[in-house]
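A short write-up of the structure that comes next.
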């Protein structure tokens, strides 16, 4: 194979110029289309539509489109129509940051709904802070963060993990714990918090087994066998699973095949919802548990209306709803309410107006945005049923307020986040009275 | 504790005159008609103790989620045709009014298993008795002893009797008033059972007399030692199973890449198409031929072969054939193709995972000595062996295989002999793609069926082919099994992530020693 | 050194366009018609860093015939070195206010800085490591591989194994490189805030300068006697060996140099995109880098730069304009280029060229 280094000829250059002009013209058409209507308020949707995260995130893009459509049907916001700007960050973390910048500074979106997984949020966080815009993050996460520009509508660890452990402790008298997770920050932190919590309850160290696996782990044979062996020590054993989406299907399949039933060793998962179960044959999983702040099976009028609207919107009578979708519903309604209260979409005004905003959630109550930019939520524990839905077996008596800084981590136990005046600090140390991070003048 | 009371109640009631038994059944039915899990659980225990003729039917209905109740606490059993039966009288009821299902949690499921187990010990069906005995073993309740003794006396099947005796041993050890000799005897019965359940049960016992406690400790050590010995064999099995998965994923690549020299980055997508074909076949059969649903995979295999094979032929005719002799350009074009195929599947089927059922004959596991052999993996090992054998036979004994080998060995000579080389190229590529499609059927049983399915296997597949030696199916086989088994032996020591890293590093070092893989091609072909 | 028209144009455009963009961004008002938004500056900087990676790939693939499917590993290693420097610069401004430990270490309960983190607070050391680590890894790997005459697809696949192993290793939180989240939320570089427009513009111009320098180095190598032997190795390795050359030595030198070039690209990439994490090691990234070269035109150097910019511009544009269809567009672009532009975009011009390039004479 011979390759030669060509030289530019004049005609070649002319061609290149023509091609560039065509591209530029196409780009101009596109941007004209994007900016043509000045009477709209733009809402950015930053969810991966391709790559590994598309499995989870595509649904959230759809639910946002539905919410925006509904809002427009109600007459829009501040007398203007809402306009969704959809981009595809393609499960690529630097691309998330690039797209966030585009949404804010090129498309001039008033607020952005998006991200899934901490790394995508961490990637865009500096962009939102620099350009002072608003991000709604709808997924449960490890906490330990409190940015002025981010509103966390998913659960913090204390809104999901700890009530689930309490349930198993009280109901099933579990005395031995397997903490199985994918090796990334959310499981690491959650397990760290759970371990501290269990030890504080008197569980011996040797009764806790921690296991980490890579993303997309698909061969669970010996880990499941190890769990089985760990469970044969004569004490009731349970698995607390922070295994990430994709790896769950092979994990549950292996559990079923090795004959671990929920009545023997129940598995409680924090990342398995209706959407994930729709991709699994659930018959062998009946009785395994999940902890969320919303289940599709919630029996109330708001939820029924939402489910009906969702099925109509997707034109699929079998489409499921799940917890991060509810988080977007709450977040979007809060944003709408705050914009109406502030009378503008300007970031500073809306950020201030959002705190204290309360909107109905889909579990029959109200969720409120707290000064730490997290929302109050009920915690539900559900058992998987044969039809892929959850049967709620326990719910917290009231709403749980998020602990953004974990009291079980030595370095953060004295920190609080409070974005109200006069404190306005994301990490205020109540002992020293110093604001260690996130102070905004 | 509650269960214990129920048992005492049972014992007391067994001696009491009839009417109170009927009262108890009424109480039980009332307790079942509740949204409180505690109440339902109590109801199940009471009902099973009452010996009511409808007890088995009602608890069975509860187990399968067909028991409904009305606000006035009347119970109904939903029929398959949508009608209802009155739970107590079994009389058909056209319209029971507003009813709610009785909800079940794990605690209730345990109670149901125990209750049904005791009732079904006398079933005429051997398999039912076997599962019943196993359920009674797991429940390990002293109250089951009389029934167990009766059942063992009547039992003729030796394997069921063995299970019943183990269940009795568990019951004896759980009972408060067993003698020490009986207990030691029971421990030895469980020691011979020697599986993980027996170990778990023995370890959970407390408050035993000292002699019994010693026997238990000895038994546990013995069971552990046995498990230790079997664990090597178990790891080999895990490795074989992982290796067979790798082999299936790589076998098609061994044809397209190994034999034809095409770096097909869209190979993983052929696997994915096979998996989605399985999904489509199941959807179709569920709707149109539900009677044959259990055999859906048998239909999916040839269909996946054909679908992926056809896609492969189309790709070869439209794309690859322009790029022969430029292997690196095929990499580029097929990478582009894989993006298109992934997005295509995402557009057609949606981005979510698809639910591909595992037929019942592929679910669960069997015990062989101390080995746990899961059926789905056993079938995949078997399937990969069949695929490999068929592939080798096709290449060796069919005239198509002969021509394929001729073309790949010396294209111009083959053409001179009158072989239509372009057509053979297309068929060879189709064969490789078809095999990948069949791999997709197998992978749908153990992994996600999503647009990303292929991506997760493509790297491993290339490594297997290169490790074994390009152009050699035996090399691919041995490569897959070696990688699988090495991985599974490293995993318990180093953890899942490190095991994979170590395997990769070993592979890199191995290639330094043997730059052409385990089985290098000899001669002129090797140089190109 | 005498520059022909291609080289002159390449250098002029590679340096001129970014410089103009940076100047327009800095000197004009936001509302001015000619103002270049910071968004464009950040994008252009990213493209240039990718172009360095592409240039590195082209040097080994186009001129030494080594198809590396793991070059992004060297890019990412350089990026990690820079990331570690930037992480240390945060100092006590992190969330936990720990002057010594980066946030993710505090978070996971680490008590002291691991030994391999020491020194990275010092910029020259960190930059030296950004060159040294990819270089050493490439040298060790290349020494083993070329000495045992691993060639062709075997070499490609083990480079992929290398980057895949590194991907898995860096994912591990126990490694002390931030696991899946990697490193982000950087504050400043050499005292300048990384978020500021001025810093961004400066980084863009610096990237352009480095790219031009790398282009010149690569060009002088391939035009030298050394380069001619390389091309001989590429075309028929065994014949070159029979002529008394030692192909492995030539390959090792260019391979190591190429890894260092990729490392520089990575080091400049991190402050401009604001994050470095293990997904940069993903084998797909390395394959993409090869594709940039192929789109631009293999073995042309200029083509590598052009290809990286075209494909990444396409990606940026398509993911915004056609979020549901962009993979079709990108995939179709790759297929189209291979089928109809076998020598890449540069091949378009070559067909019209009046006289063959000097390299061609040398190769023949």
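A few comments on the model shown:
- A simple spin-label model places the labels of residue B:510 and residue A:69 5.3 nm from each other, with each point 7 Å out along Cα-to-Cβ.
- Inter-chain shielding of C:94-101 (mean C-beta neighbours from other protein chains, 10 Å cut-off): 5
- Nearest-0.05 FRET efficiency for residue C:322 and residue B:386, computed from C-beta distance (R0 51 Å): 0.70
- In degrees, nearest ten, helix B:18-32 long axis to first principal axis of chain B (Cα): 40
- Shape category assigned to the stretch B:230-527 from the gyration tensor of Cα positions, a/c cut at 1.5: oblate
- Helix A:10-35 and the long axis of chain A differ in direction by around 70°, with both axes built from C-alpha atoms.
- Theoretical ellipticity at 222 nm over chain A - DSSP helices of four or more residues, -39500 (n - 2.57) apiece, nearest 500: -12000 deg cm²/dmol
- Spacing of the two label points (7 Å from each Cα toward its C-beta) at residue C:197 and residue B:36, in nm: 6.9
- Prolate/oblate/rounded label for the stretch A:161-269 (Cα gyration tensor, a/c 1.5): oblate
- Degrees between helix B:399-409 axis and first principal axis of chain B (Cα, 0 to 90, nearest 10): 60
- Alpha-carbon radius of gyration plus Dmax, which is the widest Cα pair, for the protein assembly as shown in Å: 33.2, 115
- Order of C:338, A:363 - criterion: other Cβ atoms within 10 Å of each residue's Cβ, fewest first: A:363, C:338
- For the pair residue B:361 and residue B:153 in one chain, pulling the backbone fully straight at 0.36 nm per residue adds 71.6 nm over the alpha carbon distance.
- Contour excess over end-to-end distance, with Cα ends at residue B:283 and residue B:98 and 0.36 nm allotted per residue: 63.3 nm
- Computed over chain A with a Gaussian network model linking Cα atoms closer than 10 Å, the most mobile of A:235, A:431, A:81 is A:431.
- In this entry, chain A is assigned a mean projected area of 27.2 nm², taken as a quarter of its C-alpha convex hull surface.
- Per-residue ellipticity at 222 nm from helix content only, as computed over chain B with -39500 (n - 2.57) for each DSSP H run of at least four residues, stands at -23000 deg cm²/dmol.
- Mean residue ellipticity (222 nm) of chain C, computed from DSSP H runs ≥ 4 via -39,500 (n - 2.57), nearest 500: -23500 deg cm²/dmol
- Sequence ranges B:149-158, A:350-359, B:449-458, A:262-271, ranked by mean other-Cβ count within 10 angstrom, highest first: B:449-458, A:262-271, A:350-359, B:149-158
- Label reach from residue A:166 (point 7 Å along Cα→C-beta): in the stretch A:293-311, amide nitrogens under 15 Å belong to A:293.
- Computed from the C-beta positions of residue A:358 and residue A:199 and an R0 of 41 Å, the FRET efficiency is 0.65 to the nearest 0.05.
- Relative contact order %, chain B, counting alpha carbon pairs below 8 Å whose residues are six or more apart: 15
- Residue among A:402, A:156, A:73 with the largest mean-square fluctuation in a Gaussian network model of chain A, springs linking Cα atoms under 10 Å: A:73
- Sorted by Cβ density within 10 Å, fewest first, the residues A:124, B:503, B:271: B:503, A:124, B:271
- For the residues of C:284-290, the average number of beta carbons from a partner chain within 10 Å of their own beta carbon is 3.
- Cα gyration tensor shape for the stretch B:395-436, rounded if a/c is under 1.5, else prolate or oblate: prolate
- When chain C is treated as a GNM with alpha-carbon contacts under 10 Å, the residue of C:167, C:55, C:322 showing the greatest mean-square fluctuation is C:322.
Coordinate-derived values only; no laboratory data. Nothing here was measured: the structure is a model prediction, and the numbers come from that model. Here the Cβ is made from the backbone with ideal geometry for all residues, glycine too, and neighbour counts use every protein chain on show.
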